[in-house]
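Below: one structure, written as structure tokens.
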Amino acid sequence: MKKWLIEELICPQCLDSDIVLNFDIYTETDGDIIEGRLVCPQCKQEYEIHEGIAVVVPEQTLPMIQDATGYNSFSMLSSYLWSHYSEFFNGPDATDAYQKWARAFGSQRSGWALDIGCSVGRLTFEMTRTHDRAVGLDTSISFVRAARELAAKKQLAFDLIMEGQITEKRACDLDPAFGFDQAEFIVADAMALPFRSRRFATVSSVNILEKVPDPLLHLAEANRVMDETDAKILFSDPFSWDENVNNPDRWLGGTNEGSFKGFGMDNICRLLQDSKSVFSPGFRIQDKGQVLWKIRKTRNLWEHITSQFVVAERTAMG
Ligand SMILES: C[S@@+](CC[C@H](N)C(=O)[O-])C[C@H]1O[C@@H](n2cnc3c(N)ncnc32)[C@H](O)[C@@H]1O
């Protein structure tokens with residue numbers, strides 16, 4: 001983990017008190033901590049940095065990150081590397097979804113950006129074009145490892161699944177305009193963000209809301225780490241609620257009754273604009289629409305997804 005991130009990290013188990021973590025560095029290379037540990041001075045919880053990857057999650061999240069299936073699997077890595085970077089190796093049928101989401105970041109802004117549920121990092125790299133620094137976080141160690149490797153090598157090389165265990169090599173340079181040294185990736189939980197409150201000028205939550213056990217808590221955490229007077233949020237989701245992922249009582253849409261009845265996007269826009277909601281102070285909506293996004297599983301299997309997005313901003317002018 002790059003050293004510049006250390007002083008921004010707080011204990012994800014003591015969020016109410018913004019407790020900055022102490023640290024021990026065992027080995028480092030060029031400002032990158034390879035082995036070390038972060039320790040909470042209040043609850044004494046230790047967070048490991050191993051092979052350059054900081055894991056800063058509350059204890060209850062550990063089983064999820066240790067699960068070798070799902071987002072930690074080899075097939076997911078192939079799928080998401082294709083989805084994020086196929087434009088760069090001229091993959092046939094490449095998706096331009098990330099370019100479209102990146103338009104939300106607009107012209108030059110100062111400050112830091114946070115990409116929540118960053119996967120293999122494309123949007124985080126896009127954020128470095130318009131921010132001083134960009135941090136991506138994800139609960140998948142495999143994705144965070146891949147994103148860190150991309151930042152270090154500025155190149156992509158991976159095994160793309162053709163069918164079953166048959167793979168083909170794909171390799172390419174990434175856009176040299178990405179601020180590779182300005183990007184960092186850690187393992188963290190969208191529902192317990194290990195960052196100081198109000199630290200970020202921009203936050204993205206793209207295709208993750210429906211994946212977390214408590215979507216409203218994820219939004220409340222996003223709000224906590226955003227600047228109170230000058231902040232931008234890019235939110236996008238397909239709203240494909242699934243009761244195997246989270247309890248329908250916690251869905252923020254897709255139901256016929258309760259405080260979040262109706263469509264998810266309508267409810268998200270309502271929350272963003274209501275300063276008495278989890279988004280306080282409220283936001284002004286700048287843009288809304290949909291992005292056609294693709295995930296490639298094998299050479300014959302694709303998921304075509306419509307992700308509905310909203311870009312919203314809060315400024316000192318209200
Ligand atoms: C559908 S993928 C979207 C990834 C990326 N934002 C994109 O659009 O390509 C959902 C991502 O959220 C991550 N994720 C799931 N639960 C999470 C949590 N509680 N905290 C952080 N990341 C999580 C997954 O590992 C995965 O990378």
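The values are calculated or read from the model by the stated rules, or taken from the named source; none is laboratory data. Quick caveat, the model's predicted, so the values are computed rather than measured. Ideal geometry is used to build each Cβ from the backbone, glycine not excepted, and the neighbour counts take in all protein chains shown. Accessible surface areas use protein heavy atoms only, side chains included; no ligands, DNA or RNA. Shrake-Rupley method; radii C 1.70, N 1.55, O 1.52, S 1.80 Å.
Any idea how many residues of the range 298-309 are assigned to a strand (DSSP E or B) and in contact with an Asp or Glu (Cβ under 7 Å, 6 or more places away or on another chain)? First the steps, then the outcome.
The first filter runs over the range 298-309 and keeps only residues assigned to a strand (DSSP E or B), leaving 298, 301-309.
Those still in the list that are in contact with an Asp or Glu (Cβ under 7 Å, 6 or more places away or on another chain) too: 298, 307-308.
Total meeting the criteria: 3.
Taking Ile34 as the residue in question, decide whether it is more than 12 Å from the ligand (Cβ to nearest atom), open to solvent by less than 10 Å² (accessible area, probe 1.4 Å) and either out of contact with any His (no Cβ under 7 Å at 6 or more places or on another chain) or not in a strand (DSSP E or B) (or both). Break it down into steps so the answer makes sense when it comes.
Details: more than 12 Å from the ligand (Cβ to nearest atom): yes; open to solvent by less than 10 Å² (accessible area, probe 1.4 Å): no; either out of contact with any His (no Cβ under 7 Å at 6 or more places or on another chain) or not in a strand (DSSP E or B) (or both): yes.
So Ile34 does not fit the description; no.
Right, Ala68: within 22 Å of His218 (Cα to Cα), among the aliphatic types (A, V, I, L, M), within 16 Å of the ligand (Cβ to nearest atom) and within 20 Å of the chain's Cα centre (by Cα) or not?
Details: within 22 Å of His218 (Cα to Cα): no; among the aliphatic types (A, V, I, L, M): yes; within 16 Å of the ligand (Cβ to nearest atom): yes; within 20 Å of the chain's Cα centre (by Cα): yes.
Answer is no for this residue.
Starting from residues that are among the small types (Gly, Ala, Ser) and under 24 Å from Leu234 (Cα atoms), keep the ones in the range 71-104 and report whichever is surrounded by the fewest Cβ atoms within 10 Å (Cβ to Cβ).
The first filter runs over the range 71-104 and keeps only residues among the small types (Gly, Ala, Ser), leaving 73, 75, 78-79, 83, 86, 91, 94, 97, 102, 104.
Next, only the ones that are under 24 Å from Leu234 (Cα atoms) stay: 79, 83, 86, 94, 97, 102, 104.
Working: Ser79: 24, Ser83: 23, Ser86: 21, Ala94: 16, Ala97: 24, Ala102: 19, Ala104: 25.
Restricting to residues being among the small types (Gly, Ala, Ser) and under 24 Å from Leu234 (Cα atoms), the top hit is Ala94.
Name every residue in the range 179-227 that is more than 9 Å from the ligand (Cβ to nearest atom), over 19 Å from Pro58 (Cβ atoms) and of a type in the set (D, E, K, R), in order of residue number.
Matches in the range 179-227: Asp181, Glu184, Arg198, Asp227.
Restricting to the range 165-199, and then to whatever is among the small types (Gly, Ala, Ser) and without any contact (Cβ under 8 Å) to a residue 60 or more places away in the chain, can you tell me which residue is most open to solvent (accessible area, probe 1.4 Å)?
To start, the set of residues in the range 165-199 that are among the small types (Gly, Ala, Ser) comprises 171, 177, 179, 183, 188, 190, 192, 197.
Subset that is without any contact (Cβ under 8 Å) to a residue 60 or more places away in the chain: 177, 179.
Details: Ala177: 65, Gly179: 13 Å².
By that ranking, first place goes to Ala177.
Within the range 219-262, work out how many residues are within 16 Å of Ile305 (Cβ to Cβ) and aromatic (Phe, Trp, Tyr).
Summing the residues that are within 16 Å of Ile305 (Cβ to Cβ) and aromatic (Phe, Trp, Tyr) in the range 219-262 gives 3.
Which of the residues spanning the range 131-155 are open to solvent by 20 Å² or more (accessible area, probe 1.4 Å), over 17 Å from Gly179 (Cα atoms) and among the polar types (S, T, N, Q)?
If the condition is that a residue be open to solvent by 20 Å² or more (accessible area, probe 1.4 Å), over 17 Å from Gly179 (Cα atoms) and among the polar types (S, T, N, Q), then Thr139, Ser142 are the ones that fit.
So, of the residues in the range 43-65 that are open to solvent by 40 Å² or more (accessible area, probe 1.4 Å) and among the hydrophobic types (A, V, I, L, M, F, W, C), which turns out to be nearest to the chain's Cα centre (by Cα)?
Met64
Take the conditions buried (at least 17 other Cβ atoms within 10 Å of the Cβ) and either among the small types (Gly, Ala, Ser) or assigned by TED's automatic domain parsing to the domain that holds Ala183 (or both) and apply them to Ala68. Does it pass?
Details: buried (at least 17 other Cβ atoms within 10 Å of the Cβ): no; either among the small types (Gly, Ala, Ser) or assigned by TED's automatic domain parsing to the domain that holds Ala183 (or both): yes.
No; evaluated as a whole, the condition is false for this residue.
Would you be able to say whether some residue in the range 295-307 is in contact with a His (Cβ under 9 Å, 6 or more places away or on another chain) and open to solvent by less than 40 Å² (accessible area, probe 1.4 Å)?
To start, the set of residues in the range 295-307 that are in contact with a His (Cβ under 9 Å, 6 or more places away or on another chain) comprises 295.
Cutting the leftovers down to open to solvent by less than 40 Å² (accessible area, probe 1.4 Å) gives us 295.
Yes, some residue in the range 295-307 is in contact with a His (Cβ under 9 Å, 6 or more places away or on another chain) and open to solvent by less than 40 Å² (accessible area, probe 1.4 Å).
Could you look through the range 273-294, keep only residues that are open to solvent by less than 50 Å² (accessible area, probe 1.4 Å), closer than 30 Å to Asp159 by Cβ and not basic (Lys, Arg), and pick out the one that is nearest to the ligand (Cβ to nearest atom)?
Trp293
Okay, residues lined up against (1) within 15 Å of the ligand (Cβ to nearest atom); (2) more than 29 Å from Asn300 (Cα to Cα); (3) touching a residue at least 24 places away in the same chain (Cβ under 8 Å):
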position: Thr29; (1), (2), (3): no, yes, no
position: Cys40; (1), (2), (3): no, yes, yes
position: Val55; (1), (2), (3): yes, yes, yes
position: Pro92; (1), (2), (3): no, no, no
position: Ser107; (1), (2), (3): no, yes, no
position: Ile116; (1), (2), (3): yes, yes, yes
position: Ser119; (1), (2), (3): yes, no, yes
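With Ala134, Ala146 as the choices, which residue is modelled with pLDDT of 95 or more and in contact with an Asp or Glu (Cβ under 7 Å, 6 or more places away or on another chain)?
Ala134
On the basis of being away from the ligand (no atom under 11 Å from the Cβ), open to solvent by less than 10 Å² (accessible area, probe 1.4 Å) and not assigned by TED's automatic domain parsing to the domain that holds Glu7, does Phe239 make the cut? Talk me through it step by step, then tell me what you get.
Numbers: away from the ligand (no atom under 11 Å from the Cβ): yes; open to solvent by less than 10 Å² (accessible area, probe 1.4 Å): no; not assigned by TED's automatic domain parsing to the domain that holds Glu7: yes.
Considered against the rule, which asks whether it is away from the ligand (no atom under 11 Å from the Cβ), open to solvent by less than 10 Å² (accessible area, probe 1.4 Å) and not assigned by TED's automatic domain parsing to the domain that holds Glu7, Phe239 comes out as no.
Write out, first by first residue and then by second, each pair whose Cβ atoms fall under 7 Å of each other, whose residues are 6+ apart or on separate chains, and whose first residue, in the range 121-135, is of a type in the set (Asp, Glu) while the second is part of a helix (DSSP H, G or I) and modelled with pLDDT of 95 or more.
Sorted first by the residue in the range 121-135, then by its partner, the pairs are Glu126/Tyr98; Glu126/Ala102; Asp132/Gln182.
Examine the range 94-102 for a residue that is among the acidic types (Asp, Glu), modelled with pLDDT of 95 or more and away from the ligand (no atom under 12 Å from the Cβ), and state whether such a residue exists. Even if it seems obvious, please write down each step before you answer.
Taking the range 94-102 as the starting set, the residues that turn out to be among the acidic types (Asp, Glu) are 96.
From the residues that got through so far, the ones that are modelled with pLDDT of 95 or more too are 96.
Filter once more, so that each one left must be away from the ligand (no atom under 12 Å from the Cβ): 96.
There is at least one residue in the range 94-102 that is among the acidic types (Asp, Glu), modelled with pLDDT of 95 or more and away from the ligand (no atom under 12 Å from the Cβ).
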